[in-house]
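Worksheet: the structure to be examined is printed underneath.
FYI, it's all coordinate maths here, none of it is from the lab. None of the values given here were measured: they were computed from a predicted structure. Cβ atoms come from the backbone with ideal geometry, glycine included; neighbour counts cover every protein chain shown.
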Amino acid sequence: MAESDKKRRAKARRRLAKKRKQKQRVAVIFLIIIAILIVILFMMERNKNGKNAGAKQSAGTEIQDSSAATSVDTSAQSEPAESVKMLNLTVEQMHSGDLVLVNGSYAYDFDANAPTVSLVNIHDTQSFNYPVGKEDFEVADRIMPFLDQLVDACDSAVGSKMTGVASAYRSMEYQQSVWDEMAELYGEEYARSYVAIPGYSEHHTGLSVDMSIFYEDGSEGTFSESENAVWMNENSYHYGFIRRYAEDKVEVTGISNEAWHFRYVGIPHATYMATQNLCLEEYIDYLRANARADNPLSITCDSGTYEVFFTTETTIEEPEGEYTVSGNNVDGYIITVKTA
């Protein structure tokens, strides 16, 4: 082989080797770049997964917290606390109702009672015909059924049809005329013993009546000496009435014995007063001292069983079921709750 050919071949081999080395370097660089890209992609994916995991964990915590909150709310909704109803009592209520005390110390409050006392004519409203001293006599409408029953039961018991009403509601003007007449005829001291000062009379309430007996000719007999008086004294409480001014209570009431004067207070209260020999003043004092909402007075009578308590508070928890409120006209309220 010629020397020139050998040189050409050697030169060609060198060029070929050089090209191979260049290709190898390119391949290495390419592999390095691929590796770097793989590492970068791996790191990016790892960071992404880490963020997603954190987000999922956070979301899971929020869902759990929300679920817990919902659970609490659901529990609260499934077992709600019972709301307590409150009863607001007014100044007017303290001076109105079936148990208001009206005597020489405590005047009747006409304004406080005006919304609740509706007067009716006895003669026009009575359920059967019994004597009434004057055709214009009136009483509070709520006591008419009990007055009718009282008169009917008395007549049936004594075997007569003579029981009637000799006096009922009195206005201030009417009471003044009664006072003036008694004072003129018998003197002021006598009048003070039997007639209340105008404004301080129970007859203003429409809850009081003076009973009497009437003969067929229309004349009036002496009630206090009649069988009717004895029967009423012993039995009027069954119909919600009390004999207001008894002989043994003169020092308490300030009014002399009146066998004819009856006052409606309601059956449970009349029952307790009659069986315990208490006048209205004594009964109100007893309730004030002994009957509270957490320790009420229990009364069983013809119309059912009741719990009675006294309060001076103007806001109290409203009793459950049927109840009535009456002021005592002094310093508080008497709540009567029917329990059976």
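Some values worked out for this structure:
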| read-out | value |
| --- | --- |
| Amide hydrogen neighbours beyond the local backbone of Thr339, cut-off 5 Å, H modeled | Thr305, Tyr306, Glu307 |
| Ranked packing of 132-145, 256-269, 186-199, 214-227, most packed first, by mean Cβ within 10 Å | 256-269, 132-145, 186-199, 214-227 |
| Fraction of beta bridges assigned by DSSP in the range 87-338 that are antiparallel (%, nearest 5) | 95 percent |
| Of Asn129, Met182, Thr300, farthest towards positive along the dipole that unit charges on Lys, Arg, Asp, Glu beta carbons give the range 87-338 | Thr300 |
| The range 87-338 shape via C-alpha gyration tensor axes, a/c threshold 1.5 | prolate |
